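Here is the structure we will look at.
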Amino acid sequence: MPSLILKFVAQPKMKDLAYAIALDKEGEATKLFPTAKDTAALLDVDNLQITQIRYFDKAEALKSVLADLMK
């Protein structure tokens, strides 16, 4: 995501989310996390331990899961 869009659009919207989100702009803090090419990863965390990792290659699928988590 271009830095201007991140700074002025995405980040302000993220602050209003009802769930926690981690944003690693440089990739340094998350470089040891498992990844899958061309996907977004959703990590479930309990007591600072990763309990589940899910990968999404479609935004709608990720949005659906996040909406279900908010119920």
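The values are calculated or read from the model by the stated rules, or taken from the named source; none is laboratory data. From a predicted model like this one, the values you see are computed outputs, not experimental measurements. Because the Cβ atoms are built from the backbone with ideal geometry, glycine has one as well, and the counts that use them run over all protein chains shown. Remember, those area values only see protein heavy atoms, side chains included, never the ligands or the DNA or RNA. Shrake-Rupley method; radii C 1.70, N 1.55, O 1.52, S 1.80 Å.
Calculate, for the chain, the solvent-accessible area per residue in square angstrom, rolling a 1.4 angstrom probe over the heavy atoms of the protein chains. Kindly include the intermediate steps, with their values, before the conclusion.
Details: 6230 Å² over 71 residues.
With the other protein chains kept in place, the chain gives 88 Å² per residue.
Which loop chymotrypsin sites (Phe, Trp or Tyr not before Pro) in the chain, with loop taken from DSSP, have no more than 10 other Cβ atoms within 10 angstrom of their Cβ?
Details: sites: Phe8, Tyr19, Tyr55, Phe56; in loops: Tyr19.
The qualifying sites are Tyr19.
Do any trypsin sites (Lys or Arg not before Pro) in segment 9-64 lie in a loop, going by DSSP, with at most 11 other beta-carbon atoms within 10 Å of their beta carbon, and if so which? Before the final figure, lay out each step's value.
Values: sites: Lys13, Lys15, Lys25, Lys31, Lys37, Arg54, Lys58, Lys63; in loops: Lys15, Lys25, Lys31, Lys37, Lys58.
Filter output for segment 9-64: Lys15, Lys25, Lys31, Lys37, Lys58.
If I stretch the segment between Phe8 and Glu60 completely, what's the gain in nm (0.36 nm per residue apart, minus their alpha carbon distance), one decimal?
Values: separation 52, 0.36 × 52 = 18.72 nm, distance 2.30 nm.
The span from Phe8 to Glu60 would gain 16.4 nm if fully extended.
Tell me which of Leu62, Phe8, Leu48 sits at the most positive position along the dipole axis of the chain, charges placed on C-beta atoms (Lys, Arg +1; Asp, Glu -1).
The one lying farthest along the dipole's positive direction is Phe8.
Given the convex hull of the Cα atoms of the chain, what is a quarter of its surface area in nm²? Before the final figure, lay out the partial values.
Details: hull surface 22.3 nm².
Dividing the Cα hull surface by four gives the mean projection, 5.6 nm².
Using the Cα centre as the reference, give the magnitude of the dipole from point charges on the C-beta atoms of the chain (Lys, Arg: +1; Asp, Glu: -1; all else neutral), rounded to the nearest 20 debye. Don't skip to the answer; put the middle values down first.
Working: 10 positive and 10 negative charges, 41 e Å.
Using only the charged Cβ atoms, the result is roughly 200 debye.
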